[in-house]
Amino acid sequence: MKTGTPLREPIEAVSGESRDVSGSGDVWGRIAWVAGGFVLTIAAAMFLGQWVQPREEPWSSGELAAALIRLEEEPRNEALKERIRELDAQRRAAYFRRIERNRMGTGLLLAGGVIWVLAARLGWKRSARAMPLRLVTPGSERERERRGSERAVLWAGAGVASILAMAGWWHSGVAEETARVTLEGQGVELAGGAVSPGVPDSGEAEGLAVGSEDGNWPRFLGPGGALTGSGERVPLRWDLAGSEGVRWKAPVPLAGFNSPVVWGDRVYLTGGNRRQRLVFAYHADTGELLWQRPVTPRDRPAESIEPPDMSGAAASTAATDGMRVYAIFATGELGALDRDGNLVWFRRLDLEENAYGHAASLVVWRDLLFVQADQGRAADGLSRLLALDTRTGEERWVAGRPVASGWTTPVVVEVGGREQLVLAGDPWVIAYAPSSGQEWWRARLLGNELAPSPVLSGDRIVVVSPERMMAAVRADGSGDVTESHVVWREERDVPDVPTPLAAGDWLFSVDSHGLVMCREAATGKVLWEHAYRMEFQASPVRMGDRILLLAHSGKGIVIQAAAVFQELATFEAGEEVSATPALAGGRLYVRTHRTLACIEGPAESVEGTHANGR
């Protein structure tokens, strides 16, 4: 380069020339402006709609909630029932209209955003190519205009991208709401005609946790804690070692005394040791382990503990409402995970004042999760009943309990049109209103070392105090009903660990030493007994007119559910069993000390081999 020769400045185009004389750059620019305005308008309308009408469950209306509480006090108020029906229908219609509006708005946002991005990009490029050629010096006004335009496009793009990202999040929220309502929000009529959202017509008031008889096993001891399910495809005999009658068998990575729970194509159980506590999800059809997760957040790893000798770290059975699974451990770690194993919420409870470790299982009712946290001595004032929001884990209500530590699980029942949450503790069996925690009635009947859970038999609650008594209490009273509503008490051969099974006119029980008994439900009178002289920890389960007993050794016994003892079959399962099995979809799910198995095979009709009385 020669000295004195001036540097050529950067140029954009040749003066007087234009590569785009059609004006398409301006057209695309106008389209981009219109699309951007459209996106902003739709976004503003959606956000405004959320502020004016916040996201609520269809049954979260204050008036509807108050009416349901009032219905518990006035179960025969037909006008109130009709008003509940109207409110329920109105809320659900509005709820689904809002979901559909949000879904449509999300689609419009995404479509408008795509058009804006394409139009802005094409318009900017064509405008750049259409500019006449002229010198552009660094720092010149033209250069500042060009860079300003670029920044404007970038900032606008970032803004629209943010809106679209929020639209995607919004869309996922709408889908999650829709799934929840699909699973949980199917209102039906209870006995007496009252509409109760999410409570199927099953005869048991178990809210969202209740599936049809041949459908789900959502909690410890099954729907309503009744130990009854559909087992039409369960063979009389099966063998885990030889695979006879076994659809699938899968290893369980961690030990635990808890039972499986089943909803649809998911089987859940938990396990734990001193280092970790996990929830496991298996596919109900294949036995595939879909995921295993802790209930603690990633930034709060599980603590190292010394599990209780008697119950271990994972004695409590999980509960599920079909959309989430809820699990609690002896450490007080309590959490909810969705169907894919994602942690929804977590909290830690103080459960240390329990000699054998926490073992009470969880119960779901509508949108509440009940935790029976009985601890210490009655005089210590440590025991409490918690009702937590299933979506967030937040406390909805808490009731102090004048009882000592125990290991029973609550049951939700309906008697005389009144829903009741019944808990057994030392010394009281107490019934609460599940929606508010208000106490309905109590009876002083129980002693210490409580393991069997309360059972509904007709209009009576049957409770067991090991080595002391079995008693039946009418569940239609108020206040202290110890002297007025106790129908019968029996002190002879009372079960100690397994929960009794109510089957029509009879009560069946087995104790840890193998004594099987049948009592008359109305009077407590013993109809027959049979001693098997082997250890039992699992409770009996009923499949139609058959009852399955699983001994700790793995020996299986099938008896007739009848007023006369009749043994239908005996077999060796092949592995030790402590957990009560689950019945769902016509199949039996058994947790042994090492594996989880699904039992399914051809139906059998076998004449009993015994027909002796007591």
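The values are calculated or read from the model by the stated rules, or taken from the named source; none is laboratory data. Since this is a predicted model, take the numbers as computed values, not measurements. All Cβ positions, glycine included, derive from the backbone under ideal geometry; neighbour counts span all protein chains shown.
Among the numbered conditions (1) among the aliphatic types (A, V, I, L, M); (2) surrounded by fewer than 24 Cβ atoms within 10 Å (Cβ to Cβ); (3) in a strand (DSSP E or B); (4) free of Cβ contacts under 8 Å to residues at least 60 places away in the same chain, the only one that Leu456 does not meet is (4). Residue count for the stretch 285-305 under the criterion of being among the hydrophobic types (A, V, I, L, M, F, W, C) and surrounded by 21 or more Cβ atoms within 10 Å (Cβ to Cβ): the result is 1.
For the stretch 490-510, the set of residues classified as aliphatic (A, V, I, L, M) and assigned to a loop (DSSP other than H, G, I, E, B) consists of Val494, Val497, listed by residue number.
All told, Ala538 meets the bar of being under 30 Å from Val261 (Cα atoms) and of a type in the set (Gly, Ala, Ser).
Given the criteria assigned to a loop (DSSP other than H, G, I, E, B), within 21 Å of Pro260 (Cα to Cα) and in the same structural domain as Val267 (by TED's automatic domain parsing), does Val344 qualify? No. Taking each residue of the stretch 357-376 that is closer than 27 Å to Asn273 by Cβ and looking for partners that are charged (D, E, K, R) and part of a strand (DSSP E or B) with beta-carbon atoms closer than 6 Å, six or more apart or interchain, yields Ala373/Arg384.
Checked against the criteria, Gly425 does not count as assigned by TED's automatic domain parsing to the domain that holds Ala579 and surrounded by fewer than 22 Cβ atoms within 10 Å (Cβ to Cβ). Would you tally the residues in the stretch 442-479 being under 28 Å from the mean Cα position of the chain (by Cα) and within 18 Å of Glu414 (Cα to Cα)? Count: 12. When you check Thr270 against the structure, is it assigned by TED's automatic domain parsing to the domain that holds Thr392, at pLDDT 95 or above and hydroxyl-bearing (Ser, Thr, Tyr), yes or no? So Thr270 fits the description; yes.
Tell me, which residue of the stretch 306-318 that is closer than 18 Å to Pro452 by Cα and aliphatic (A, V, I, L, M) is surrounded by the fewest Cβ atoms within 10 Å (Cβ to Cβ)? Looking at the filtered set, the residue picked out is Met310. Pairing each residue of the stretch 577-588 that is assigned by TED's automatic domain parsing to the domain that holds Arg233 with any residue that is part of a strand (DSSP E or B) and of a type in the set (Lys, Arg), provided the two are 6+ apart or on different chains, yields C-beta distances under 8 Å for Val577/Arg591; Ala579/Arg591; Pro581/Arg591; Arg587/Arg247.
Kindly establish whether Arg366 is of a type in the set (Lys, Arg) and crowded, with 21+ Cβ neighbours inside 10 Å. Yes; evaluated as a whole, the condition is true for this residue.
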